[in-house]
Amino acid sequence: MADGEIDPELAAAGPKKRTFRKFSYRGVDLDALLDMSSEDLVQLFPARARRRFSRGLKRKPMALVKKLRKAKSNAPAGEKPEPVRTHLRNMIIMPEMIGSLVGIYNGKMFNQVEIKPEMIGHYLAEFSLSYKPVKHGRPGIGATHSSRFIPLK
């Protein structure tokens, strides 16, 4: 075959189908995570999260989980659920929260975030910055000793 020719069998088959990487958290795939009991799931989390869950979920985090469940159940099939607003930046993302929309308060406003599988085990606060990152520009007056000698006009 010449360099410019392509195999007719491959051309007839069309473009190769893309295969997406199946998500797994610490070696456990997503379906198994959703079916897992909470005690087994907590054993997969890092030490800080294990300690947090061993001390029990208090009233506010449980209320958030219940609101997320309700929003998901009320949503029509194939559509995103209503966003649930919260101040609980220290809530650890659980597998049952996947697909939910959460408005996370950053001290000024609620940043709407869709929970994805890659977020499991992280805190909600990690996805809603409470500060504006610094954009460094030119140094201002008083930044160095030599800037004292720059005339103002």
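The values are calculated or read from the model by the stated rules, or taken from the named source; none is laboratory data. Worth saying up front: this structure is predicted, and the values here are computed from it rather than measured. Neighbour counts run over all protein chains shown; Cβ positions are idealised from the backbone, glycine included. When the accessible area is computed, the model is the full protein with side chains, heavy atoms only, and any ligands, DNA or RNA have been set aside. Shrake-Rupley method; radii C 1.70, N 1.55, O 1.52, S 1.80 Å.
Taken together, the residues in the range 80-91 that are open to solvent by 100 Å² or more (accessible area, probe 1.4 Å) and aliphatic (A, V, I, L, M) amount to 0. Could you list, in sequence order, all residues of the range 37-56 that are in a loop (DSSP other than H, G, I, E, B) and either on the phi > 0 side of the Ramachandran plot or touching a residue at least 40 places away in the same chain (Cβ under 8 Å) (or both)? Those that are in a loop (DSSP other than H, G, I, E, B) and either on the phi > 0 side of the Ramachandran plot or touching a residue at least 40 places away in the same chain (Cβ under 8 Å) (or both): PHE45, PRO46, GLY56. If you go through the range 61-79 and pick out every residue that is surrounded by 13 or more Cβ atoms within 10 Å (Cβ to Cβ) and modelled with pLDDT of 90 or more, you end up with 9. The set of residues in the range 1-51 that are more than 30 Å from PRO61 (Cβ to Cβ), open to solvent by 70 Å² or more (accessible area, probe 1.4 Å) and either modelled with pLDDT of 90 or more or aliphatic (A, V, I, L, M) (or both) comprises MET1, ILE6, LEU10, ALA12, ALA13. The listed residues are ALA63, ALA77, ALA125, and the only one of them that is free of Cβ contacts under 8 Å to residues at least 60 places away in the same chain, of a type in the set (A, V, I, L, M, F, W, C) and in a loop (DSSP other than H, G, I, E, B) turns out to be ALA77. On the basis of being over 30 Å from LYS132 (Cα atoms) and of a type outside the set (Ser, Thr, Tyr), does GLY27 make the cut? Yes. Select from the range 101-121 the residues that are touching a strand residue (DSSP E or B) at 6+ places or on another chain (Cβ under 7 Å) and in a loop (DSSP other than H, G, I, E, B) and list them in ascending order. Correct list: ILE115, ILE120, GLY121. Looking at the range 104-116 only, could you name the residues that are within 22 Å of ASN74 (Cβ to Cβ) and surrounded by fewer than 18 Cβ atoms within 10 Å (Cβ to Cβ)? If the condition is that a residue be within 22 Å of ASN74 (Cβ to Cβ) and surrounded by fewer than 18 Cβ atoms within 10 Å (Cβ to Cβ), then PHE110, GLN112, GLU114, LYS116 are the ones that fit.
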